[in-house]
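Here the structure is laid out as structure tokens; the discussion comes afterwards.
The values are calculated or read from the model by the stated rules, or taken from the named source; none is laboratory data. These numbers were taken from a predicted model, which means no experiment stands behind them. All Cβ positions, even for glycine, are placed from backbone atoms using ideal geometry, and neighbour counts span all protein chains on display. Side chains included, ligands, DNA and RNA excluded: accessible areas come from the protein's heavy atoms. Shrake-Rupley method; radii C 1.70, N 1.55, O 1.52, S 1.80 Å.
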Amino acid sequence: GNSVTQMEGPVTLSEEAFLTINCTYTATGYPSLFWYVQYPGEGLQLLLKATKADDKGSNKGFEATYRKETTSFHLEKGSVQVSDSAVYFCALSDPVEDSNYQLIWGAGTKLIIKP
Amino acid sequence: AAGVIQSPRHLIKEKRETATLKCYPIPRHDTVYWYQQGPGQDPQFLISFYEKMQSDKGSIPDRFSAQQFSDYHSELNMSSLELGDSALYFCASSLAESTDTQYFGPGTRLTVL
């Protein structure tokens, strides 16, 4: 079946540091890939997505590239801010395997940015 | 832009009571999903509806039921509540033409005492 694996957290960085949160997936079809962010006490927000190989999703300075050859969708940001502190979830939807685009989630990575 | 609306935002119930959570999808979205997120956990898919019909079922207990109404809003009914039902319950909606992208509501935090 389909699955998503994220690097374990928490990830603690200083402000303005470079961020990478690793995400790899297994899928039988051609999934769409997503990063969602959950700020403390809030709901899940779609951060970015990519629907096919080599697509790059980007938003708010975050980027992730759909790499089919390495089955990865790593999240990166060049210079993080304290306000980026949140839990980040990698997810996929694969209509071949999962009817109705049910999202398959990674475990989430807690990011802590220190001033 | 309009977002997914969930009500109530917080709910406190006693064991064995019932609860009803409501979800109002983004206008024109015809597909609704329900997720349960325990503390420190990733969201677990419960159930989804498309055009008022159940379209997919996940790890939803038999004590729970849900439906989607003619105006596309959805309700999650939970009976015989247990302590372990305490969680955040998220609703998400999507449009049939782009059902791979789900937009989430702020969630309902249910506490069972």
Selected residue (criterion: most open to solvent (accessible area, probe 1.4 Å)) from residues of segment B:75-110 that are among the polar types (S, T, N, Q) and within 14 Å of chain A (Cβ to nearest Cβ) | B:S98
Specify which of the listed residues (A:F73, A:F89, A:F62) is in contact (Cβ under 8 Å) with a residue 60 or more places away in the chain and either out of contact with any His (no Cβ under 6 Å at 6 or more places or on another chain) or surrounded by fewer than 20 Cβ atoms within 10 Å (Cβ to Cβ) (or both).
-> A:F89
Scan of segment A:49-64 for residues that are within 12 Å of another protein chain (Cβ to nearest Cβ) and over 21 Å from B:A2 (Cβ atoms), ordered by number | A:A50, A:T51, A:K52, A:G57
Residues of segment A:1-10 being among the β-branched types (V, I, T) and either open to solvent by 40 Å² or more (accessible area, probe 1.4 Å) or more than 22 Å from A:Y66 (Cβ to Cβ) (or both), in sequence order, are A:T5
Which strands (runs of 3 or more DSSP E) does segment B:1-76 wholly contain that include 1 or more residues that are among the aromatic types (F, W, Y)?
-> B:19-24, B:31-37, B:44-50, B:64-68
Conditions: (1) more than 14 Å from chain B (Cβ to nearest Cβ); (2) touching a residue at least 12 places away in the same chain (Cβ under 8 Å); (3) in contact with a Phe, Trp or Tyr (Cβ under 8 Å, 6 or more places away or on another chain); (4) open to solvent by 40 Å² or more (accessible area, probe 1.4 Å). A:L46 meets all but one. Number of the miss?
-> (1)
